[in-house]
């Protein structure tokens, strides 16, 4: 699989604006924390710059940050980093107690999630939680796009996942940052319709590993 170019590798400052503004209240991370085991090792698939993995690593829970794009890996964050791809995870069977992915393109509507999902079932011990975070749509942020940005909920339900809806927001520090990020995502329309706060509906899809491919 070829790694899709991601703007965060070339513009870490703008990516930092995205990470800071998206779910500033921390509701998504709180939901992940609640659904992950409190002990053992979890896998973050498509960890980006380690923002989420760093916050979910605790004294008793270790998070391995897997990221395909070398330019996204932040070595200054004290995480266990592995460069690799979701469709071919470089880990032995049953290596983890849980796994999660947040807004990862290989689990999105525009990508076939099946190969990556098979790999999650393989590397996570039977019964361990599999957690996928994606957009649910029908919010102010998603309305800026001409395309459907929402998750393929039916796919996840067919594969045994339940959907937990999380209502949160994009909260920007100032309009300059809002326009810069929204123009990147949505072009001129995004900049023209920028606001300091935009509603954002997120789905946490919760499943369990079968312990096999």
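The values are calculated or read from the model by the stated rules, or taken from the named source; none is laboratory data. Bear in mind that the values here come from a model prediction, so they are computed numbers and not experimental data. As a convention, Cβ positions derive from the backbone with ideal geometry for all residues, glycine included, and neighbour counts pool all protein chains shown.
Values as computed for the structure displayed
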| read-out | value |
| --- | --- |
| Filter pass, residue 36 being surrounded by 21 or more Cβ atoms within 10 Å (Cβ to Cβ), over 23 Å from residue 172 (Cβ atoms) and under 14 Å from the mean Cα position of the chain (by Cα) | no |
| Condition met for residue 108 (in contact (Cβ under 8 Å) with a residue 60 or more places away in the chain and either crowded, with 20+ Cβ neighbours inside 10 Å or closer than 25 Å to residue 63 by Cα (or both)) | no |
| Filter result (over 16 Å from the mean Cα position of the chain (by Cα), surrounded by 16 or more Cβ atoms within 10 Å (Cβ to Cβ) and closer than 21 Å to residue 210 by Cα) within the stretch 48-93 | 89, 91 |
| Tally of residues being closer than 23 Å to residue 129 by Cβ and surrounded by fewer than 14 Cβ atoms within 10 Å (Cβ to Cβ) across the stretch 7-29 | 2 |
| Cβ-Cβ under 6 Å pairs, at least 6 apart or on other chains, the stretch 186-200 side on the phi > 0 side of the Ramachandran plot and assigned to a strand (DSSP E or B), far side surrounded by fewer than 15 Cβ atoms within 10 Å (Cβ to Cβ) and at pLDDT 95 or above | none |
| Residues of the stretch 33-51 classified as touching a residue at least 40 places away in the same chain (Cβ under 8 Å) and in contact with a helix residue (DSSP H, G or I) (Cβ under 6 Å, 6 or more places away or on another chain), total | 3 |
| Residue match in the stretch 114-124 (condition: assigned to a loop (DSSP other than H, G, I, E, B) and surrounded by 16 or more Cβ atoms within 10 Å (Cβ to Cβ)) | no |
| Tabulated pairs, the stretch 125-146, first without any contact (Cβ under 8 Å) to a residue 60 or more places away in the chain and on the phi < 0 side of the Ramachandran plot, second surrounded by fewer than 18 Cβ atoms within 10 Å (Cβ to Cβ) and part of a helix (DSSP H, G or I), C-beta under 9 angstrom, 6+ apart or interchain | 141/185; 144/185; 144/189; 145/185; 145/189; 146/189 |
| Yes/no for residue 47 being part of a loop (DSSP other than H, G, I, E, B), closer than 20 Å to residue 124 by Cβ and modelled with pLDDT of 95 or more | yes |
